[in-house]
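The values are calculated or read from the model by the stated rules, or taken from the named source; none is laboratory data. Fair warning: this is a prediction, and the values are worked out from it, not measured in the lab. Note that each Cβ is placed from the backbone with ideal geometry, even for glycine, and that neighbours are counted across all protein chains shown.
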């Protein structure tokens, strides 16, 4: 889609000047770079960006400007994107299932690290990935494992991750073949419990001991929470501290280098989404010009997002007493509905605008054109505050 060349002071300035009928996503480069610096100063290791959360070029270039030069990529297209925008970046191909032609593509672009969670996929890597990269460095292969740990909105272990026993065998084989042996995990999306990372790090210690392998790096995944609810501030500092202290306690003098791969937590608060009320049906149901087939695709999985404000077409904020409303998207599909009830001012009217904060992750890349909807403008702003 691409961002416009102009930059506005904030979303409300744009609202007053344009009065858009289609949804608009606003990105603040300042907010994005500030969050990147927060991760780099707070996390006790290497910070990489999960490209899938928002592959817009403006996002990548701003992260590079903020000092991010390592990326979690999941496909040839993402590999090509990063090689074009940051040619010398370290690429970690952490989608653990790949077609053979995708491995060939990755090898040709000097990917530094691969994750794997099965012996069959490991055999593919052994057959197709040279031990030594073009620059003379050794390729890293990380065994991805899973645990039945609670604390996340939804569990990535349902699709990816080896058991501790299988991860032990993978790690042993990787080391025997001469690749750099490492471990990785993902605690699950929107994880707010620091103890989840502690449990995984302790399991990593057990796996390394059982394999008899000193791991080079431990990738603690993504899953870091973004600020979705007004009442719940993400405990990032507590998570960072737990990761550092647990790794030191488990591994001691042989502690591996730590890596994280946040996507959502890096980019979510860099953007806000402006949508318009198409109809207020019998003063009850609210119909928006965007929904779950657009930028709100994740809400049925993650739950409601109440960091929002409501504005009149003239740009005046609605401040009346709030009332829970059922919100539908614009399509003719009955599942096109935001979860639960969304608190809106009781005096909300047709033609008003809703400004949702925290919309920088999994909004642009999941947008479709189902039913003929899906138009989405993207604009730069200096400030997202409203």
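Pick from the stretch 217-232 the residues that are more than 21 Å from residue 363 (Cβ to Cβ) and over 13 Å from the mean Cα position of the chain (by Cα): which of them is modelled with the lowest pLDDT?
Among those residues, the one meeting the criterion is 231.
For the stretch 68-78, give me the residue count where each residue is in contact with a helix residue (DSSP H, G or I) (Cβ under 8 Å, 6 or more places away or on another chain) and under 20 Å from residue 260 (Cβ atoms).
Of the residues in the stretch 68-78, 6 are in contact with a helix residue (DSSP H, G or I) (Cβ under 8 Å, 6 or more places away or on another chain) and under 20 Å from residue 260 (Cβ atoms).
Here is a list of conditions, (1) assigned to a loop (DSSP other than H, G, I, E, B); (2) without any contact (Cβ under 8 Å) to a residue 40 or more places away in the chain; (3) touching a strand residue (DSSP E or B) at 6+ places or on another chain (Cβ under 7 Å), and residue 96 meets all of them except one; can you say which number that is?
Failing condition for residue 96: (2).
What tally of residues in the stretch 318-340 results from selecting those that are surrounded by fewer than 13 Cβ atoms within 10 Å (Cβ to Cβ), at pLDDT 90 or above and over 30 Å from residue 188 (Cα atoms)?
Counting residues in the stretch 318-340 that are surrounded by fewer than 13 Cβ atoms within 10 Å (Cβ to Cβ), at pLDDT 90 or above and over 30 Å from residue 188 (Cα atoms) gives 3.
Residues 323, 355, 376: which one is more than 25 Å from the chain's Cα centre (by Cα) and either touching a residue at least 12 places away in the same chain (Cβ under 8 Å) or on the phi < 0 side of the Ramachandran plot (or both)?
It is 323.
How about the stretch 119-146: which of its residues are surrounded by fewer than 18 Cβ atoms within 10 Å (Cβ to Cβ) and within 20 Å of residue 206 (Cβ to Cβ)?
119
Where in the stretch 178-262 are there strands (runs of 3 or more DSSP E), lying fully within it, with 2 or more residues that are touching a helix residue (DSSP H, G or I) at 6+ places or on another chain (Cβ under 9 Å)?
Fully inside the stretch 178-262 and qualifying: 180-184, 257-260.
Residue 174 fails exactly one of the following numbered conditions: (1) closer than 21 Å to residue 264 by Cβ; (2) part of a helix (DSSP H, G or I). What is the number of that condition?
Here residue 174 meets the rest and fails (1).
Would you point out which residue out of 63, 122, 91, 147 is touching a helix residue (DSSP H, G or I) at 6+ places or on another chain (Cβ under 7 Å), without any contact (Cβ under 8 Å) to a residue 60 or more places away in the chain and either closer than 25 Å to residue 379 by Cβ or assigned to a loop (DSSP other than H, G, I, E, B) (or both)?
After ruling out the rest, the residue left standing is 147.
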